[in-house]
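Data block below; observations after.
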Amino acid sequence: MRVDRAYSIADLRRQARRRLPHAIFEFIDGGAGAEQTLADNQNDFARWRFLPRVAVNVASTDTEVRLVGVNAALPLVLAPTGLAGLYWPHGEACAARAAAAAGIPFCLSTNSVASLEEVAAQAPGGDKWFQLYMLRDKNLMWSLLERAASAGYRVLCLTLDLAVQGRRERDVRNNFSVPLRPRLRTLLEVAARPAWLAGFLRAPVRFGNFEQSTSSKGFTSIAQHVASMFDPAADWTGVDEVVRRWPGPVIVKGVLHPEDSRRAADMGVQAIIVSNHGGRQLDQSRSAISALPAVVNAVGDRVQIILDGGVRRGADIMKAKALGAHACMIGRPFLWGLAAGGEKGVDRTIQIFRDEIENAMMLLGEPAIAAVQSDILTLAESNSCSNSQI
């Protein structure tokens, strides 16, 4: 794939679709239930329109922001996404290196193919965050915390919206599993994607963070272990214990309700990620962008706010910034870039966002993104306007 010929995130998505087997592409692309929240995450950005200012000196622009105590070159974070190494060999390391080169944070998922130590070794100079779920096995949780701190991960991202896995109907219809079940349709899909298959055979998929925690070394047993690890009994007491045990900044992910944001802020977290898990958990939840203003009003003067969900354009990031977010996370966009072209594809994803952000800043009359305020936005006159879903 020629990722340099991708001029938008939609272009990268089309390239990823051509390279990946159908069931694997659908695993990235799909959401829960009827996928209403998945659609709303993107479409609700269209509720807002820009009010640009003119005759402003924008000969140079400053896209840098201060994010959880460290400067980032863009208000952008690569979100924690499971199984990135399934889409491209050593996918997590590719993404971590691309983020480090761009000067933005990379957040590694608990459910990564490579171990957290392997990824850290590949991006020694990057701002690395580690994402953790509330697990049934508390000894495993504490072990992951210790390993992440020892490996140089600066920030802990605690995900709270996965007490159980959402009902993702595309995956059910596709009989998607890890490892892939050898049925005829799956075999035909894989055979039709020889470039992906060659990479898969060179770098077999595993759950690198859990290989030391199970007595059986077979891949299937590890996958079963991961599938049953989430703790539906976890509550704020458990969150507080994680916050106290981690030696650095803690952010919580998966918050939509203002009262939950207040609870998290009271525990001393440094940031809150307004997110519905990319529409992959509870369908009919509010979109992330529509939930953002209430969370900002509740705790925006106490903690930083990061938006996660539906971001496809630099303009989306400008809107989130104007509504009070300090930065945005992207998941699917960088996975599409990764699937299309590995590290170069993630580089291209970040470059597209950088170009679009800078262009929007200049046309809005905003030379410094850190100074963006809500006066650049107005509500759209008609709800009939909506982005086409990509």
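The table that follows gives values for the structure above.
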read-out: Positions within the stretch 154-173 being among the basic types (K, R), part of a loop (DSSP other than H, G, I, E, B) and surrounded by fewer than 20 Cβ atoms within 10 Å (Cβ to Cβ), in sequence order; value: R154, R167
read-out: Top-ranked residue in the stretch 207-217 [being outside any helix (DSSP H, G or I) and surrounded by 10 or more Cβ atoms within 10 Å (Cβ to Cβ); ranked as modelled with the highest pLDDT]; value: F207
read-out: Pairs where the first residue, in the stretch 133-145, is touching a residue at least 24 places away in the same chain (Cβ under 8 Å) and surrounded by 14 or more Cβ atoms within 10 Å (Cβ to Cβ) and the second is outside any strand (DSSP E or B) and charged (D, E, K, R), C-beta under 6 Å, 6+ apart; value: M134/D231; L135/D231; R136/D231; L145/R245
read-out: Matching strands (runs of 3 or more DSSP E) fully within the stretch 34-125 where at least 3 residues are of a type outside the set (D, E, K, R) and either out of contact with any Asp or Glu (no Cβ under 6 Å at 6 or more places or on another chain) or crowded, with 23+ Cβ neighbours inside 10 Å (or both); value: 76-78, 106-108
read-out: Residue match in the stretch 332-351 (condition: surrounded by 24 or more Cβ atoms within 10 Å (Cβ to Cβ), in contact with a helix residue (DSSP H, G or I) (Cβ under 7 Å, 6 or more places away or on another chain) and under 21 Å from L156 (Cβ atoms)); value: yes
read-out: Residue within the stretch 263-270 that is touching a strand residue (DSSP E or B) at 6+ places or on another chain (Cβ under 9 Å) and part of a strand (DSSP E or B) present; value: no
read-out: Members of the stretch 17-27 found to be in a helix (DSSP H, G or I) and touching a Lys or Arg at 6+ places or on another chain (Cβ under 6 Å), listed by number; value: F25, E26
read-out: Wholly within the stretch 288-379, helices (runs of 4 or more DSSP H) carrying at least 2 residues that are modelled with pLDDT under 95 and closer than 17 Å to I273 by Cβ; value: none
read-out: For Q284: the one exception among (1) of a type in the set (S, T, N, Q); (2) surrounded by fewer than 23 Cβ atoms within 10 Å (Cβ to Cβ); (3) in a helix (DSSP H, G or I); value: (3)
read-out: Whichever residue in the stretch 154-185 is of a type in the set (V, I, T) and in contact with a strand residue (DSSP E or B) (Cβ under 6 Å, 6 or more places away or on another chain) and, among such residues, is nearest to E117 (Cα to Cα); value: V155
read-out: Residues (in a loop (DSSP other than H, G, I, E, B), over 14 Å from I24 (Cβ atoms) and at pLDDT 90 or above) located in the stretch 189-206; value: A203
read-out: In the stretch 218-254, residue farthest from N139 (Cα to Cα) [restricted to those that are surrounded by 15 or more Cβ atoms within 10 Å (Cβ to Cβ) and modelled with pLDDT under 80]; value: F219
read-out: Residue list for the stretch 314-330, restricted to those being buried (at least 24 other Cβ atoms within 10 Å of the Cβ) and closer than 19 Å to P80 by Cα; value: I317, A325, A327, C328, M329, I330
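The values are calculated or read from the model by the stated rules, or taken from the named source; none is laboratory data. Quick caveat, the model's predicted, so the values are computed rather than measured. Note that we place each Cβ from the backbone using ideal geometry, even for glycine, and neighbour counts take in every protein chain shown.
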